[in-house]
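Everything below concerns the one structure shown next.
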Amino acid sequence: MAEPPRPEPAEDADQHRIATELADIGYCLPGSVTERQLRCGKPGCACKADPPVLHGPYRQWSRKIGGKTVSRWLSGDQVERYEDWFSNAKRARELLTELEALSLRIAERTEGWDPQAAPTGHRARNEDQGQTNASPSQRGKRREPAPRSRGTTAL
Ligand SMILES: [Zn+2]
């Protein structure tokens with residue numbers, strides 16, 4: 001029978017910490033909320049002046065369904081009502097990413113694999129330069145990737 005991987009005590013502790021936080025995380029709404037200011041179609045409206053006085057801000061909730069982005073406008077009350085659910089989902093994604101990175105590190109060490117880079121020219125977004133050929137001792141010390149920032153306000 002195949003031997004199970006042997007995580008180090010610190011890795012077991014990390015896995016336990018992540019699982020414990022995930023267990024208590026509560027409800028999760030996917031996607032992110034962006035504030036937008038818009039122009040309307042009315043001729044002579046202030047939104048077409050120079051400088052323009054745009055309408056809004058309006059809050060747009062965007063998420064992916066089957067690979068396509070779908071959006072919904074939210075009222076201020078709705079944003080407030082689901083604020084925690086949006087931030088819970090964001091935290092859950094961070095924790096899952098951390099858990100996957102931890103598991104990958106253990107599997108790579110167990111199997112003696114070199115870390116894999118993204119296939120075509122561009123590097124994986126969280127890959128630190130020079131880490132691809134890191135020695136096993138360096139690999140365990142890789143710092144956690146910073147949360148990526150997009151142009152959106154994930155609540
Ligand atoms: Zn207008």
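The values are calculated or read from the model by the stated rules, or taken from the named source; none is laboratory data. Bear in mind that the values here come from a model prediction, so they are computed numbers and not experimental data. All Cβ positions, glycine included, derive from the backbone under ideal geometry; neighbour counts span all protein chains shown.
Observations on the model:
- Scanning the stretch 20-46 for residues that are in contact (Cβ under 8 Å) with a residue 24 or more places away in the chain and among the hydrophobic types (A, V, I, L, M, F, W, C) yields L22, I25, C28, L29, V33.
- Test: K64 is away from the ligand (no atom under 16 Å from the Cβ), assigned to a strand (DSSP E or B) and at negative phi: yes
- Among (1) surrounded by 12 or more Cβ atoms within 10 Å (Cβ to Cβ); (2) more than 16 Å from the ligand (Cβ to nearest atom); (3) outside any strand (DSSP E or B), the one test that R81 misses: (1)
- Residue, farthest from the ligand (Cβ to nearest atom), within the stretch 27-53, restricted to residues that are of a type in the set (A, V, I, L, M, F, W, C) and surrounded by 15 or more Cβ atoms within 10 Å (Cβ to Cβ): C28
- Within the stretch 8-61, being part of a helix (DSSP H, G or I), hydroxyl-bearing (S, T, Y) and at pLDDT below 95 holds for no residue.
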